[in-house]
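**Student:** This is the structure, below, for whatever I ask next.
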Amino acid sequence: MNFTEFGFDERLMDGIDSMGYETATPVQEQVIPPIIEGRDIIAFAQTGTGKTAAFLLPVIHKLLTQPHDAQQINAMVIVPTRELAVQIAQSMEAISYFTSVSSIAVYGGNDGSLFSAEKKALSHGVDMVICTPGRMIAHLNMGYVKLDGLRYLVLDEADRMLDMGFYDDINRIISYLPKERQNLLFSATMPPKIKKLAASILWNPVEISIAISKPPEKIVQEAFVVYEPQKIPLVKYLLTNGDFSSVLVFCSRKQNVKALTAELKRANLPVDQIHSDLEQDKREQVLVDFRNKKLSILVATDILSRGIDIEDIDLVINYDVPNDGEDYVHRIGRTARAATEGTAYTFIEEKEQNKFARIEQLLGHAVTKAQVPEQFGPTPEYTPHVRRGSGGGGGKRRFHHKGGPKRHSGNRKP
């Protein structure tokens with residue numbers, strides 16, 4: 001299902017497009033429509049299935065299209081750790097970039113100046129708060145948090161919050177909230193305490209269960225840890241020195257698809273591209289040529305990661321690390337179909353190491369790190385900082401103020 005089919009506000013679609021999202025993951029397909037309809041949700045989905053966007057996108061859409069009080073907190077996302085709060089806040093900033101929706105992350109373990117910034121947002125009103133339970137209670141105890149207008153409550157990784165002893169804290173926060181609100185609960189498992197919590201806060205919920213798929217064992221998975229400028233030369237090297245007859249290269253952004261395709265054409269490689277800017281008949285013709293082996297290399301966005309039926313692809317290259325584990329599985333699943341074997345290479349540049357480490361956690365094993373040929377020069381160490389337990393700290397905080405739509409004439413990477 002394409003993101004254009006959900007009927008999102010145009011300003012939100014600008015953010016979705018800028019992030020390279022085109023095709024929804026299974027959890028997004030099932031969760032987004034009932035959230036837009038106003039239903040309560042209980043969804044069982046692991047990290048890596050695209051669940052963060054599954055609740056952020058429809059809530060942002062509703063904030064953009066339905067009247068709400070700008071002087072109140074309108075949505076609250078409660079998470080178990082500050083690391084997850086930072087991660088969701090960063091996604092929120094990127095997705096909502098072209099909108100006037102404001103947000104702030106509220107979590108502990110920092111200095112007094114950030115507490116003051118949190119107090120200002122919570123007392124003057126902000127569209128969305130992403131918070132850890134303990135920090136939010138610290139603010140609630142002071143009596144200035146404006147919750148009368150809250151309409152959307154999200155509990156993310158609810159089972160983990162209960163494992164960490166936050167059951168009473170969550171109930172205490174909920175006691176401050178208006179009775180009439182939409183509740184969205186996400187959990188990887190269904191222990192008895194989750195059932196009890198769900199029964200107490202959800203009204204006639206839609207229940208959704210998504211199991212993360214695993215890639216076929218026949219796929220040889222390897223990753224190259226590189227600097228961004230090394231990626232195009234390395235693609236050329238792999239394609240000219242390897243014995244691959246049918247190659248699919250995935251990029252997270254259509255700008256990267258266009259740039260890489262142009263470079264490969266300059267190297268006289270038999271390549272074409274598919275992305276959302278192409279007319280449908282052009283896309284179909286490119287696919288026909290690829291199926292019929294007139295083309296041996298196809299560069300594409302995630303528009304091709306699901307639902308296409310092309311046999312005998314023997315190499316998939318992830319030019320960019322996929323957005324989540326579900327996308328990774330679907331991308332590399334284009335190879336090793338039927339009885340064939342296949343190879344999947346992923347390029348990991350410095351800023352994407354944490355993202356790839358989360359995918360490895362979801363897979364349940366590390367992906368082999370291949371040696372980059374010496375001719376490309378030194379490469380980064382693979383030293384991701386993956387969220388574990390409740391420790392660690394987290395990133396710079398910003399309060400994203402309301403204003404006019406934040407449109408910029410230049411390109412921007414979210």
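The values are calculated or read from the model by the stated rules, or taken from the named source; none is laboratory data. The model shown is predicted, which means the values in this text are computed figures rather than measured ones. So basically every Cβ, Gly included, is an ideal-geometry build from the backbone, and we count neighbours across all protein chains shown.
**Student:** Please state which of the following conditions G395 fails to meet, knowing it meets all the rest: (1) at pLDDT below 75; (2) more than 19 Å from the chain's Cα centre (by Cα).
**Tutor:** (2)
**Student:** Within the stretch 347-362, how many residues are among the charged types (D, E, K, R) and either in contact (Cβ under 8 Å) with a residue 60 or more places away in the chain or over 18 Å from V316 (Cβ atoms) (or both)?
**Tutor:** Result for the stretch 347-362: 4.
**Student:** Out of curiosity, is P80 under 29 Å from D168 (Cβ atoms), at pLDDT below 95, outside any helix (DSSP H, G or I) and of a type outside the set (A, V, I, L, M)?
**Tutor:** yes
Listed here are the residues, each with its yes/no results for (1) crowded, with 22+ Cβ neighbours inside 10 Å; (2) free of Cβ contacts under 8 Å to residues at least 60 places away in the same chain.
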position: V59; (1), (2): yes, no
position: Q72; (1), (2): no, no
position: I95; (1), (2): yes, no
position: A105; (1), (2): yes, no
position: G108; (1), (2): no, yes
position: L140; (1), (2): no, yes
position: G143; (1), (2): no, yes
position: G149; (1), (2): no, no
position: D156; (1), (2): yes, no
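**Student:** Being over 30 Å from S175 (Cβ atoms), small (G, A, S), surrounded by fewer than 23 Cβ atoms within 10 Å (Cβ to Cβ) and free of Cβ contacts under 8 Å to residues at least 60 places away in the same chain: is that true of G112 here?
**Tutor:** no
**Student:** So, D272, is that one surrounded by 16 or more Cβ atoms within 10 Å (Cβ to Cβ) and within 29 Å of the chain's Cα centre (by Cα) or not?
**Tutor:** Details: surrounded by 16 or more Cβ atoms within 10 Å (Cβ to Cβ): yes; within 29 Å of the chain's Cα centre (by Cα): yes.
Considered against the rule, which asks whether it is surrounded by 16 or more Cβ atoms within 10 Å (Cβ to Cβ) and within 29 Å of the chain's Cα centre (by Cα), D272 comes out as yes.
**Student:** I'd like the full set of residues that are of a type in the set (S, T, N, Q), more than 26 Å from the chain's Cα centre (by Cα) and in a helix (DSSP H, G or I), limited to the stretch 216-259.
**Tutor:** T240, N241
**Student:** Follow-up. State which residue is modelled with the lowest pLDDT when the search covers only the stretch 304-333 and only residues that are under 20 Å from the mean Cα position of the chain (by Cα) and acidic (D, E).
**Tutor:** The extreme case among them is E326.
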